[in-house]
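Working notes, beginning with the structure itself.
The values are calculated or read from the model by the stated rules, or taken from the named source; none is laboratory data. These numbers were taken from a predicted model, which means no experiment stands behind them. Positions of Cβ are generated from backbone atoms using ideal geometry, with glycine treated the same way; all protein chains shown enter the neighbour counts.
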Amino acid sequence: MDEDFDLLERWRGGERSAGEVLVTRHFGAVRRFFVNKTSRDPDDLTQTTFLRCVEQREAFAGRGSVRAFLFGVARNVLYEHYRKVYRADVEPAQTSVADLDPTPSQMVSDIQWHGQLFDTLRALPAEMQVLLELHYWEGLSTAELGVVFDVAPGTIKSRLFTARGELRERARRRGFDLGLGKDATIPGWARNLADLRG
């Protein structure tokens, strides 16, 4: 959003009110990103993300949206948190959130299906979980996800295909149906994910 970019630049220039508007606009989504992936210090991690966005002026060169930049920073903050709190050799491409943080999330719905979906998401490697949530919960395009993950949009499409397949297979092994067809357009699944926002 051009307005977001303007707010970020004004905040970096010392205009506190611009920062307050930007934080208010995106705080919920960034905090939700952390609540879903760790039971420890989601507010501190959210605050760190916004501070890094101000500090890392050069890292955002106008590629994509400020929102995509925020989630890219949040992803790095999350992985630093994992390595600091759990162990230095954590590899998000292979380690799931459930492996690191088995505490049940307060966001899990009373509805059993939602609980199963949420648990299955948390059992994926963190990198897959982040990719699926940013695409289906936060609505980031493949181009924006390319910015977040620093890869080409074509690579994002391939990773999304693989992540959906892995989620489908893990759900099957747990004995429930996600309603994911082979075409993987999954609009219904995306709506179900949105219901988990809490």
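Of all the criteria given as (1) under 24 Å from Arg12 (Cα atoms); (2) modelled with pLDDT of 90 or more; (3) among the aromatic types (Phe, Trp, Tyr), the one not satisfied by Phe60 is (2).
Would you say Thr24 is within 26 Å of Arg122 (Cβ to Cβ) and of a type in the set (Ser, Thr, Tyr)? Here the answer is no, as Thr24 does not meet what is asked. Just one of the numbered conditions (1) in contact (Cβ under 8 Å) with a residue 40 or more places away in the chain; (2) buried (at least 19 other Cβ atoms within 10 Å of the Cβ); (3) closer than 29 Å to Ala123 by Cα is not true of Thr49: (1). For region 69-97, a residue qualifies if it is at pLDDT below 90, surrounded by 13 or more Cβ atoms within 10 Å (Cβ to Cβ) and among the small types (Gly, Ala, Ser), and exactly one does: Ser96.
Checked against the criterion of being closer than 20 Å to Ala29 by Cα, at pLDDT 90 or above and out of contact with any Cys (no Cβ under 8 Å at 6 or more places or on another chain), region 118-126 has at least one qualifying residue. Give me the residue from region 75-94 that is assigned to a loop (DSSP other than H, G, I, E, B) and more than 20 Å from Arg32 (Cα to Cα) and, out of that set, nearest to the chain's Cα centre (by Cα). Filtering region 75-94 for residues that are assigned to a loop (DSSP other than H, G, I, E, B) and more than 20 Å from Arg32 (Cα to Cα), the one nearest to the chain's Cα centre (by Cα) comes out as Ala93. Of all residues in region 14-39, those satisfying the criterion of being surrounded by 13 or more Cβ atoms within 10 Å (Cβ to Cβ), over 13 Å from the mean Cα position of the chain (by Cα) and not in a helix (DSSP H, G or I) are Glu15, Ser39. Leu117 falls short of the stated requirement of being assigned to a helix (DSSP H, G or I) and either within 16 Å of Ala93 (Cβ to Cβ) or β-branched (Val, Ile, Thr) (or both).
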